[in-house]
Amino acid sequence: MKEPPKVAYKDLQVWQKSINFATDVIKMIDDLETDRKHYRLIEQLEAAATSIPMNIAEGKGRRSKKDFIRFLYISRGSIYETLTLLEIFLRQGWLTQEKYNILEKSAVEIIRMLKGLINALTISEKDNR
């Protein structure tokens, strides 16, 4: 039996961590207990969190390192947006400090990984000139 083709972005640890992070955020949203459902904020949080791994995957599928780097920066912007929304949820009392700390720790790890990958690709891009 033939193995399915390998998808390159799935080998990236930063993609793996970010897909887990997005799943954790969605799980947190599912567990929200608030009298008023703030659908716009919830939708924005889901969109921002899922945008992180989606942009890594999309960038990996592009033809050039320059494009990949651009999508990694977009992904990094999405993680900062996610953290800002999580802070709002925390301040509204919809999210516990403990859960916020866990999500923030994961986000910081992903930010560091994105920075490392961007730096490595940037150096590699300069070497190819």
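Of all residues in segment 84-98, those satisfying the criterion of being crowded, with 17+ Cβ neighbours inside 10 Å and assigned to a helix (DSSP H, G or I) are Leu85, Leu86, Phe89, Leu90.
Selection of segment 68-90 for residues being under 28 Å from Glu33 (Cα atoms), more than 14 Å from the chain's Cα centre (by Cα) and among the aromatic types (Phe, Trp, Tyr) yields only Phe89.
Working only within segment 30-54, note down all residues that are at pLDDT 95 or above and under 17 Å from Leu95 (Cβ atoms).
As a first pass, look at segment 30-54 and keep what is at pLDDT 95 or above: 44-54.
Listed by number, the residues that qualify are Gln44, Leu45, Glu46, Ala48, Ala49.
Only a single item in (1) closer than 16 Å to Tyr9 by Cβ; (2) without any contact (Cβ under 8 Å) to a residue 60 or more places away in the chain; (3) not small (Gly, Ala, Ser) is not met by Ile110, and it is number (2). Only a single criterion out of (1) modelled with pLDDT of 95 or more; (2) surrounded by fewer than 14 Cβ atoms within 10 Å (Cβ to Cβ); (3) within 12 Å of Thr82 (Cα to Cα) is not satisfied by Lys27, namely (3). In segment 68-95, the residues that are closer than 15 Å to Trp15 by Cβ form Cβ pairs under 7 Å with partners that are among the basic types (Lys, Arg), at six or more places apart or across chains, as follows: Phe68/Lys60; Phe68/Arg62; Phe71/Arg62.
The values are calculated or read from the model by the stated rules, or taken from the named source; none is laboratory data. Note that the structure is predicted; figures quoted are calculated from it, not measured. Please note: Cβ atoms are built from the backbone with ideal geometry, for glycine as well, and neighbour counts cover all protein chains shown.
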